[in-house]
Amino acid sequence: MYSAIIFLPLLGAMAAGLFGRWMGDRAARWVTTGALMLAAVLAAVAFVQVALGGQPRTVEIMRWVVSGNFEVTWALRYDTLSAVMVAMVTTVSSMIHLYSFGYMAHDKSIPRFFAYLSLFTFFMLMLVTADNFLQMFFGWEGVGLASYLLIGFWYDRPSANAAAIKAFLVNRVGDFGFALGILGVFMAFNAVSFDAVFQAVPAMADKSIHFLGMDLPLITTICLLLFIGAMGKSAQLGLHTWLPDAMEGPTPVSALIHAATMVTAGVFMVCRLSPMFEYSDTALAVVTIVGASTAIFAASIGLVQTDIKRVIAYSTCSQLGYMFFAAGVSAYSAAMFHLTTHAFFKALLFLGAGSVIHAMSDEQDMRKMGGIWRKIPLTYGLMWIGSLALAGVPLFAGYYSKDLIIEAAYAAHSGVGMYAFWMGVIAAALTAFYSWRLLFMTFHGAPRADQHVMDHVHESPLTMTLPMGVLAVGALFSGIALVGLFTGEGHKEFWGASIFVAEGHDALANAHHVPRWVVGLPIGVAFGGIALAWVFYIAAPGLPGALAARFQGTYLFLLNKWYFDELYDRLFVNPAKRLGRSLWLGGDGSLIDGVGPDGIAAATLDLARRAARLQSGYVYHYAFAMLIGIAALVTLYLFSGAGS
């Protein structure tokens with residue numbers, strides 16, 4: 001059963017990818033979706049056995065690497081952490097597969113699309129069930145490959161190709177750090193198995209490593225290198241620039257990347273490696289600062305974006321920041337709790353956005369929407385549920401997980417913890433504002449689309465609305481259903497050995513005893529953000545334009561995403577282009593080709609032309625040449641004879 005959960009999506013991907021043309025669109029859809037739904041059912045059974053029943057297990061598949069005394073086994077690690085991730089990934093992914101029945105109905109490459117989706121899910125499942133660093137790296141690189149294929153799925157669009165390449169290259173930067181971290185682990189511990197490394201960490205906590213000409217703390221250096229990989233995959237500040245451009249892929253791809261796969265890999269990795277991170281206060285502080293900074297950074301950009309999918313994309317970036325600073329203050333179970341609830345309401349929001357785009361004849365600009373809530377009331381209601389969960393309104397899923405993270409940051413009683421607390425509170429206010437800005441601009445006010453588009457606005461088919469309904473149930477009830485298990489009094493027993501928290505790191509325990517104003521502040525700012533959005537976009541719709549004109553510099557700064565792309569173009573892209581062009585024209589063109597192949601060819605051609613001139617066709621030229629030759633031979637003979 002445990003192996004089937006992982007490999008069913010791969011079998012579906014292979015069937016659709018290799019035999020899709022033969023079996024047809026309908027069969028390709030059902031083969032991949034059916035395999036994934038079966039995997040989701042089995043994952044629920046595994047969750048009951050492993051997480052609720054407290055029966056972790058490791059399923060060995062084969063011996064993978066054998067080199068001298070070094071041996072790596074390919075094994076599936078099923079503990080509570082893996083069981084939670086597998087259940088979430090398969091459930092959300094199966095709903096996205098089903099949703100794609102309707103959304104991609106008119107696409108010309110349906111088997112290829114569903115094959116890529118299932119392949120993406122397989123690699124993510126391999127990542128979260130990895131039993132060692134090498135196996136995790138396999139899944140890590142696999143989701144990067146699948147994301148490249150899916151973001152660039154519509155390869156006839158230059159923007160999609162550019163976005164796919166950008167995602168691939170930016171992730172390679174993070175993956176380089178991740179690979180160095182794995183090499184550091186092997187060098188320090190002579191092992192890559194999680195259990196072997198985790199057992200050896202306490203004895204190595206005070207060791208140093210000579211790196212880049214400096215003696216650095218071993219565990220801190222390794223953890224920071226591994227975290228660079230997490231920053232790339234989870235689009236944290238500095239390595240985030242690929243995430244909004246990933247919206248060039250089909251909307252189901254956006255939902256899968258942002259809710260269940262890819263971006264959650266970094267959070268999972270930090271939680272999985274908690275036995276290492278807990279022995280480095282410096283690494284934890286860096287994780288906290290980066291996460292908190294990302295939360296406020298991405299939320300500020302979401303305030304002014306006009307593409308409905310990009311607003312939700314920056315929301316994902318911001319929420320991932322919450323998860324990371326939760327892990328940074330050692331509240332790993334709170335990070336996993338928010339990762340799980342976020343998967344439901346973020347997938348719901350993306351699929352809701354896809355339903356709006358479908359209804360609006362592929363329009364994504366919110367400035368060209370408005371006045372459509374009566375025409376698509378089901379999508380409208382489901383988007384409200386997702387937005388209420390995202391904003392952290394009480395009784396919805398996000399309230400239980402996100403607010404707990406903010407409280408844990410305060411309860412850490414540290415400088416970085418307080419920084420994360422205030423950034424989290426401000427980001428919560430901004431989240432509520434841009435969420436209702438999206439709702440009001442999209443569904444309310446006077447219609448801003450042309451009449452032809454408005455005449456064709458219609459509710460999405462059942463294949464699209466049914467998965468949204470299932471995800472809405474998760475957005476409504478996953479918080480209250482899981483809060484006791486994930487972060488309640490018995491959370492240590494629930495997570496077991498899959499999460500390690502060092503003694504003295506009591507942020508999560510102290511979070512249940514923070515002052516009342518700390519508990520009430522995130523709720524208050526959430527309602528304040530909603531009210532402010534109502535004023536801006538319903539009561540006084542001219543106010544946003546007036547403020548943008550009054551504070552044009554700030555508006556452009558946010559609209560242009562803090563100019564990170566422009567900065568990277570100036571620092572890295574343009575110099576690389578200039579260097580490449582000079583090497584191409586000067587090095588390859590002038591030097592290598594000019595002296596080498598082109599130079600030899602030119603010299604040969606010149607010599608041949610000179611020789612060709614001797615073949616004039618005139619007899620007297622040839623007679624003259626013969627006389628000269630005879631004279632030369634006679635002279636040579638006479639001189640050589642005289643010498644002898």
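The values are calculated or read from the model by the stated rules, or taken from the named source; none is laboratory data. The structure presented is a predicted model; accordingly, all values stated were derived computationally and were not measured. So basically every Cβ, Gly included, is an ideal-geometry build from the backbone, and we count neighbours across all protein chains shown. Surface accessibility is based on the protein's heavy atoms, side chains included, excluding ligands, DNA and RNA. Shrake-Rupley method; radii C 1.70, N 1.55, O 1.52, S 1.80 Å.
Electrostatic bookkeeping for residue 386 treats Lys and Arg as +1 and Asp and Glu as -1; over the other residues with beta carbon under 15 Å from its beta carbon, the sum is +4.
Just the ratio, please: alpha-carbon radius of gyration of segment 113-243 over 2.2 N^0.38 Å, N its number of residues.
1.20
Considering only alpha-carbon pairs that sit under 8 angstrom and 6 or more positions apart, the relative contact order computed for the chain is 12 percent.
For segment 465-529, the extents of the C-alpha atoms along the principal axes are 47, 33, 14 Å, listed from largest to smallest. Rg/Rh for segment 491-531 (Cα atoms only, Rh after Kirkwood) is 1.19.
What is the calculated FRET efficiency for residue 502 to residue 459, with r their C-beta to C-beta distance and R₀ = 60 Å, to the nearest 0.05? About 0.70, to the nearest 0.05.
Treating only the Cα positions of the chain as identical point scatterers, give the base-10 log of I(q)/I(0) from the Debye formula at each q in 0.11 Å⁻¹. Those come out to -1.08, one per q. Residues in segment 167-181 carry Karplus couplings, in order, of 4, 5, 6, 4, 5, 5, 4, x, 5, 5, x, 4, 5, 4, x Hz; the curve used is 6.51 cos²θ - 1.76 cosθ + 1.60 with θ = phi - 60°, and Gly or Pro positions show x. The trypsin sites (Lys or Arg not before Pro) of segment 146-238 meeting both criteria, a DSSP state outside H, G, I, E and B (loop) and at most 12 other C-beta atoms within 10 angstrom of the site's C-beta, are 207. Taking each pair of different alpha-carbon atoms in segment 124-188 once, compute 1/r for the pair, average those values, and report the inverse of that mean as the Kirkwood hydrodynamic radius in Å to one decimal. It is 12.8 Å. Pull up the cross-link candidates among the lysines for residue 233, meaning alpha carbon to alpha carbon under 25 Å and not fewer than 8 places away within one chain. Reachable lysines: 166, 309, 346, 402, 561. Label separation (residue 61 vs residue 563): 4.8 nm, computed from points 7 Å beyond Cα along the C-beta direction. Amide H to amide H distances under 5 Å link residue 76 with 59, 60, 61, where only residues 5 or more positions off or on other chains count and H is placed in the peptide plane. Its Cα gyration tensor gives segment 483-585 an equivalent ellipsoid; the semi-axes, largest first and in whole Å, are 43, 33, 11.
The base-10 log of I(q)/I(0) for segment 10-124, evaluated at q = 0.09, 0.19, 0.21 Å⁻¹, reads -0.31, -0.94, -1.04 [Debye formula, identical scatterers on Cα atoms, solvent excluded].
At 0.36 nm per residue, minus the direct Cα-Cα distance, what do residue 109 and residue 18 gain on full extension? Give it in nm, one decimal, please.
This chain segment gains 31.5 nm when fully extended.
Evaluate segment 417-525: find the radius of gyration of its Cα atoms, find its Kirkwood radius, and give the ratio Rg to Rh. So for segment 417-525, dividing Rg by the Kirkwood Rh gives 1.12.
With Rh defined as the Kirkwood radius, the inverse of the mean 1/r over Cα pairs, the Rg/Rh of segment 501-644 is 1.63. For segment 433-450, the Karplus equation 6.51 cos²θ - 1.76 cosθ + 1.60, evaluated at θ = phi - 60°, returns couplings of 5, 6, 5, 7, 4, 4, 5, 5, 5, 7, 10, 10, x, 6, x, 10, 7, 6 Hz by residue, with Gly and Pro reported as x.
With every protein chain left in place, what is the accessible area per residue of the chain in square angstrom, probe 1.4 Å? Per residue, the chain has 42 Å² of solvent-accessible surface. Counting heavy atoms of the protein chains alone, residue 453 has an accessible area of about 30 Å² for a 1.4 Å probe. Ordered by solvent-accessible area of protein heavy atoms (1.4 Å probe), largest first, the residues 318, 640 come out as 640, 318. Can you give the longest stretch of the chain with no exposed loop site, where a site means GluC sites (Glu not before Pro) in a DSSP loop (not H, G, I, E or B) with at most 11 other C-beta atoms within 10 Å? That would be 1-488.
Considering only protein heavy atoms and a probe of 1.4 Å, how much of the accessible area of the chain is carbon and sulfur, as a whole percent?
67 percent
Could you list the trypsin sites (Lys or Arg not before Pro) in segment 41-119 that lie in coil according to DSSP, counting only those with at most 11 other Cβ atoms within 10 Å of their Cβ? When the trypsin sites (Lys or Arg not before Pro) of segment 41-119 are filtered for loop state and at most 11 Cβ neighbours within 10 Å, 108 remain. With the convex hull constructed from alpha-carbon coordinates only, segment 1-69 shows a mean projected area of 6.5 nm² over all directions.
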